[in-house]
């Protein structure tokens with residue numbers, strides 16, 4: 001599954017002109033959420049993200065990770081709201097860009113990201129696709145978010161089928 005998700009991350013990265021992307025899944029071992037696939041990130045950022053572990057409550061806590069709802073499945077985290085927990089600073093892909101400012105409402109800056117939730121057949125969050133923005137330096141448009149949500153739902157179906165077949 002991880003090989004498939006890494007290939008999928010690379011495909012999304014190229015086809016939707018995403019600046020950087022990662023995919024996280026809930027682990028059957030500990031029930032926590034871990035990053036498992038990456039595209040467009042520095043090795044140091046990938047290594048830092050691999051160390052991050054989240055509970056379901058962490059994913060949905062607007063105090064810990066301030067966000068804006070874009071849709072039922074997508075949340076927008078803006079750098080100005082400091083959507084990172086202490087110790088996650090190394091996960092920035094371009095740390096030197098942290099002082100950059102937004103010049104337009106649709107610009108993306110270092111520290112901005114969207115989470116598109118991956119849902120299983122029980123309507124439970126089993127993972128997420130995390131997108132930093134586009135290569136054009138803009139937040140993803142509605143079309144891109146729609147496709148990311150569609151891909152997330154397909155991953156959710158595949159994970160459900162995989163779990164059913166393993167029982």
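The values are calculated or read from the model by the stated rules, or taken from the named source; none is laboratory data. This one's a predicted model, so the numbers in the text were calculated from it and none came from an experiment. As a convention, Cβ positions derive from the backbone with ideal geometry for all residues, glycine included, and neighbour counts pool all protein chains shown.
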The lone exception for residue 14 - which of (1) closer than 22 Å to residue 160 by Cα; (2) exposed (fewer than 14 other Cβ atoms within 10 Å of the Cβ); (3) modelled with pLDDT of 95 or more it fails: (1)
Any pair with Cβ under 9 angstrom, 6 or more apart, that starts in the stretch 52-68 at a residue that is farther than 18 Å from residue 127 by Cβ and ends at one that is surrounded by fewer than 13 Cβ atoms within 10 Å (Cβ to Cβ): 64/57; 66/82
Filtered residues of the stretch 20-33 (kept if in contact with a strand residue (DSSP E or B) (Cβ under 6 Å, 6 or more places away or on another chain) and either assigned to a strand (DSSP E or B) or buried (at least 19 other Cβ atoms within 10 Å of the Cβ) (or both)): 21, 22, 23, 24, 25, 26, 33
Odd one out for residue 84 among (1) in a loop (DSSP other than H, G, I, E, B); (2) modelled with pLDDT under 80; (3) exposed (fewer than 14 other Cβ atoms within 10 Å of the Cβ): (3)
Residue selected from the stretch 121-137 under the condition under 22 Å from residue 65 (Cβ atoms) and either part of a strand (DSSP E or B) or touching a helix residue (DSSP H, G or I) at 6+ places or on another chain (Cβ under 7 Å) (or both), by the criterion modelled with the lowest pLDDT: 134
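Assess whether residue 94 counts as being over 23 Å from residue 30 (Cα atoms) and modelled with pLDDT under 95.
yes
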Extreme residue, modelled with the lowest pLDDT, among residues of the stretch 63-81 that are surrounded by fewer than 13 Cβ atoms within 10 Å (Cβ to Cβ) and within 30 Å of residue 29 (Cβ to Cβ): 63
